[in-house]
Amino acid sequence: MAISFEVPEHVQQQTEMVRFVAEAMMRPLSREMDENEHARPTAFIEQMWPIMRDQQKRALDKLEQSTDGDKREKRASTTYLRYMLMIEMLSWGDAGIYLCLPYAALGGAAIEAVGTTEQKLRLLRRFAEGDQPAWGAMAMTEPGAGSDTAAISTTAVFDEETNEWVLNGEKIFCTNGKLALEESNGLVVVWATVNKEAGRAGMKSFVVEAGTSGVRIGKVEIKHGIRASDTASIVLSDARIPADNILGSAEVQAGRSTQSFKGAMATFDATRPMVAASALGVGRAALEFVKEKLAAEGVEIPYGAPYHKLTAIQRDLLEMEAQLRAAYLLTLRAVALLDAGEENNLEASMAKVKAGKVVTQVAQKCVELLGMMGYSREWLAEKWMRDAKISEIYEGTNQINTLIVARRILGYSSKELR
Ligand SMILES: Cc1cc2nc3c(=O)[nH]c(=O)nc-3n(C[C@H](O)[C@H](O)[C@H](O)COP(=O)(O)OP(=O)(O)OC[C@H]3O[C@@H](n4cnc5c(N)ncnc54)[C@H](O)[C@@H]3O)c2cc1C
């Protein structure tokens with residue numbers, strides 16, 4: 001598929017508006033939110049809620065009006081390109097504060113990927129109305145199941161008498177888990193097995209809404225980076241949810257089909273490019289900062305000069321710029337396919353691996369180039385170095401996403417290459 005590298009005018013305009021938010025509302029809070037991990041950027045949340053809410057409302061209104069809402073939109077659009085550039089800019093502002101945005105987030109992406117039109121309209125409505133912000137989240141990870149999702153041991157049993165699913169288990173490291181279930185009328189998409197022996201074929205996703213009895217927030221993590229972001233464990237003890245809060249089919253097919261599992265994993269085709277976009281924003285923040293500081297000392301990149309005439313620092317800067325650009329282009333490709341309604345599983349993982357690796361290296365190099373002040377808490381460079389690392393961990397580690405890339409290129413199944 002041909003990709004246009006031109007960003008349309010209306011997308012550019014929106015990104016410029018987001019630049020204002022990032023510069024004026026996020027950057028000034030960066031250090032404070034990093035130092036006070038479990039505080040909330042309340043003013044930012046309050047100001048962003050009407051914007052996020054109206055965006056969700058427009059999407060739901062459109063879905064309501066469309067006759068074939070369950071089908072993925074086939075015509076070319078710029079929805080994901082807009083998200084990508086918006087997330088890049090917000091993460092340039094602050095990656096942790098960006099994660100505090102009140103919206104359906106990963107939970108919404110899961111519902112979008114596998115929910116029916118009825119489920120989307122019913123479950124996502126809370127993100128489209130009201131004065132109070134709401135958050136969505138997705139809980140897959142457990143103490144005994146991280147990369148190996150087949151090891152998930154949270155169970156879901158159907159109670160025919162009450163027409164409910166009964167969930168038991170513990171989820172950990174859930175981004176926005178507390179915000180979704182304890183601090184708003186949000187929801188969490190929880191992965192559980194309806195038949196442990198069936199492995200991935202028995203794995204289903206369930207929507208647990210705030211206020212569900214038998215659900216409580218356990219540990220709230222103290223983290224290395226993105227400290228403004230809420231990361232919590234969720235304990236499910238006979239948590240009862242309505243029968244129609246299961247996403248996709250409830251059946252475990254006789255042939256052990258993993259179709260439903262694969263469908264749910266499609267969530268990541270939309271979200272991994274967004275993690276890449278966030279990484280790009282942190283990388284750009286670090287690179288711009290170090291270039292500014294070095295320029296003040298008279299060190300700039302003489303673009304076009306022969307390579308052998310560059311100093312070691314100029315070469316470092318050029319390399320960082322080139323790597324970030326390469327990651328940007330890969331992300332653009334993953335997003336262009338998404339917007340065209342095309343399959344992008346390979347490109348989504350490629351973009352995430354590349355952007356995660358690049359931002360980690362770029363942010364670390366910035367600290368190095370800034371000398372002792374790079375390590376000081378007076379500047380944000382050391383914080384960007386800490387914030388960068390998460391891009392290589394969540395939504396599939398770099399090793400797991402590299403495996404996906406290898407499988408797709410070589411034509412192996414997940415059983416053959418693990
Ligand atoms: C801040 C934060 C927020 C998070 N938010 C969420 C969330 O919202 N929802 C959620 O469900 N989870 C979330 N997670 C969890 C995250 O997705 C997991 O940490 C991740 O999937 C890795 O799982 P693990 O930590 O158990 O590592 P493990 O799976 O135990 O892996 C440990 C190491 O071994 C490597 N490894 C594992 N298997 C292989 C293999 N087959 N080949 C090569 N290397 C391999 C991994 O890459 C990693 O380097 C979050 C984590 C963090 C830190």
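The values are calculated or read from the model by the stated rules, or taken from the named source; none is laboratory data. Note that this is a predicted model, so its numbers are computed, not measured. Cβ placement follows ideal geometry from the backbone for every residue including glycine, while neighbour counts extend to all protein chains displayed. Side chains are part of the model used for accessible areas, which takes the heavy atoms of the whole protein and leaves out ligands, DNA and RNA. Shrake-Rupley method; radii C 1.70, N 1.55, O 1.52, S 1.80 Å.
General remarks:
- For beta carbons closer than 7 Å, sequence separation of 6+ or different chains, a first residue in the stretch 390-415 that is touching a residue at least 40 places away in the same chain (Cβ under 8 Å) and a second that is surrounded by fewer than 19 Cβ atoms within 10 Å (Cβ to Cβ) and of a type in the set (A, V, I, L, M), the qualifying pairs are V405/L346; R408/L346.
- Looking only at the stretch 341-370, and only at residues there that are of a type in the set (D, E) and in a helix (DSSP H, G or I), the one that is farthest from R284 (Cα to Cα): E347
- Listed by first and then second residue, the pairs linking a residue in the stretch 149-172 that is closer than 21 Å to V220 by Cα and charged (D, E, K, R) to a residue that is open to solvent by 40 Å² or more (accessible area, probe 1.4 Å) and modelled with pLDDT of 95 or more, with Cβ atoms under 9 Å apart and 6 or more places separating them unless they lie on different chains, are E170/P143; E170/S153; K171/T141.
- A single member of E416, E378 is open to solvent by 50 Å² or more (accessible area, probe 1.4 Å), within 30 Å of M26 (Cβ to Cβ) and more than 12 Å from the ligand (Cβ to nearest atom), and it is E378.
- Among (1) under 22 Å from L187 (Cβ atoms); (2) small (G, A, S); (3) in contact with a Ser or Thr (Cβ under 8 Å, 6 or more places away or on another chain); (4) open to solvent by less than 20 Å² (accessible area, probe 1.4 Å) - the single one A95 does not satisfy: (1)
- Unmet requirement for Q12, which otherwise passes all of (1) closer than 25 Å to L247 by Cα; (2) open to solvent by 70 Å² or more (accessible area, probe 1.4 Å): (1)
- Elements of type strands (runs of 3 or more DSSP E) in the stretch 193-301, at least 1 residues being away from the ligand (no atom under 16 Å from the Cβ) and open to solvent by less than 10 Å² (accessible area, probe 1.4 Å): 231-242
- Filtering the stretch 382-401 for residues that are open to solvent by less than 60 Å² (accessible area, probe 1.4 Å) and more than 16 Å from the ligand (Cβ to nearest atom) leaves a non-empty set.
- Among the residues of the stretch 146-172, those that are in contact with a strand residue (DSSP E or B) (Cβ under 9 Å, 6 or more places away or on another chain) and among the small types (G, A, S) comprise G146, A150, A151, S153, A156, G169.
- Criterion (surrounded by fewer than 21 Cβ atoms within 10 Å (Cβ to Cβ), near the ligand (Cβ under 10 Å from one of its atoms) and part of a strand (DSSP E or B)) met by exactly one of F158, F173: F173
- Within the stretch 126-140, considering residues that are out of contact with any Ser or Thr (no Cβ under 7 Å at 6 or more places or on another chain) and open to solvent by less than 50 Å² (accessible area, probe 1.4 Å), the one nearest to N185 (Cα to Cα): R126
- Among the conditions (1) open to solvent by less than 20 Å² (accessible area, probe 1.4 Å); (2) in a helix (DSSP H, G or I), the only one that L329 does not satisfy is (1).
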